[in-house]
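Read the figures in this text as sums done on the coordinates, not as results from a lab. Note that the structure is a prediction, hence the values are computed from the model and not measured. Please note: Cβ atoms are built from the backbone with ideal geometry, for glycine as well, and neighbour counts cover all protein chains shown.
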Amino acid sequence: MSQALLNIDIEHLITEDDEPVDNILTEKQERLLTEPLYSCWKLPNDRPFVVTANVGLFNSINLPAIVPDVLLSLDVQINTEWHKKQHRSYFVWEFGKVPDVVIEIVSNKVGEENTRKMTRYAHMGIPYYVIFDPYKQLSEELLIIYTLQFRSYVRLNQTQLPHIGLGLTLWQGEFEHSHYEYWLRWTDEKGQIIPTGIEFAEMEKQRAEAEKQHAETERQRSERLAAKLRELGLDPDLL
């Protein structure tokens with residue numbers, strides 16, 4: 001990093017205001033979009049990535065932060081001194097690139113997700129912009145994915161995000177003992193939902209139980225076969 005970047009004065013920037021006002025659905029949905037990636041997703045060659053919720057995104061020292069509900073950035077790492085102010089937010093000049101994906105979760109009609117925020121993300125050059133509208137505040141569409149073309153967003157006609165290795169899908173199920181009609185979730189390159197850490201542990205438990213049951217079934221089958229051979233006057237240990 002150049003000395004000029006190290007000496008950027010950011011004392012005037014508000015990196016946190018300590019006054020978040022998320023509703024329960026948004027708070028849970030943000031966690032469902034961050035925790036699974038850290039728990040159960042890997043990029044080829046262990047490429048690093050950062051996924052955050054409600055962290056300020058700065059692309060200029062002269063502009064206030066914009067705060068995506070979720071952002072994902074590939075091939076970057078959080079500074080080991082992340083507690084210091086110059087590392088607390090996503091400063092584009094520090095990470096060396098804009099995020100690859102930003103997601104906004106709509107909870108009312110005043111968030112400007114499809115106007116002001118959309119324009120600013122496009123001007124930043126963020127490749128993918130996602131609007132999840134669980135309450136249908138902006139339209140009847142729950143999920144809209146945009147891709148950047150010539151500094152403007154156009155609708156992406158698929159749910160996979162090219163070059164990212166991820167996709168998005170609407171999912172019905174229970175998360176943290178809570179049911180909702182649709183949750184937004186990541187999928188891998190094959191379109192399979194990326195599990196949470198708890199889901200993965202449960203899948204591993206079921207797999208181990210299935211293997212144990214299979215081994216027990218094989219043991220019982222072998223015992224029945226041995227008994228049958230003995231009935232025929234044959235020693236199964238010699239066969």
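Side notes on the structure shown:
- Other-chain or far-sequence residues with amide H under 5 Å of Asp100's (modelled H): Leu72, Ser73, Leu74
- Residues of the range 183-223 with amide N under 11 Å of a point placed 7 Å along Cα→Cβ from Leu229: 222-223
- Placed amide H near Trp41: partners under 5 Å, 5+ positions off or other chain: none
- Highest average first, the peptides 125-132, 218-225 ordered by how many other beta carbon atoms sit within 10 Å of their residues are 125-132, 218-225.
- Spatial separation of Cα centroids for the range 155-194 and the range 91-153, in angstrom: 17 Å
- Within the chain, helix-based [θ] at 222 nm, where runs of 4 or more DSSP H residues each add -39,500 (n - 2.57), nearest 500: -9500 deg cm²/dmol
- 3J(HN,Hα) from dihedral phi, the range 143-158, Karplus parametrisation 6.51/-1.76/1.60, rounded to Hz, x for glycine, proline: 9, 10, 10, 10, 10, 7, 9, 6, 6, 9, 8, 10, 4, 8, 8, 8
- For the set Lys109/Lys190; Lys42/Lys205; Lys42/Lys84; Lys42/Lys212; Lys136/Lys205, the pairs lying more than 31 angstrom apart at their alpha carbons are Lys109/Lys190; Lys136/Lys205.
- Potential lengthening of the chain between Asn45 and Arg116 amounts to 21.8 nm, from the contour at 0.36 nm per residue minus the alpha-carbon distance.
- With the simple spin-label model, which puts each label point 7 Å out from Cα in the Cβ direction, the Glu216 to Asn79 separation comes to 5.6 nm.
- Using the average count of surrounding beta-carbon atoms within 10 Å as a protection proxy, the listed peptides 165-174, 37-46 rank, highest first, as 165-174, 37-46.
- Spin-label model distance (nm) - Ser178 vs Lys136, 7 Å beyond Cα toward Cβ: 2.1 nm
- Whole-Hz ³J(HN,Hα) from phi, Karplus 6.51 cos²θ - 1.76 cosθ + 1.60, for the range 62-71, glycine and proline x: 9, 10, x, 5, 10, 10, x, 4, 9, 10
- Other residues lying with their Cβ under 15 Å from the Cβ of Asp75 contribute a combined charge of 0, Lys and Arg counting +1, Asp and Glu -1.
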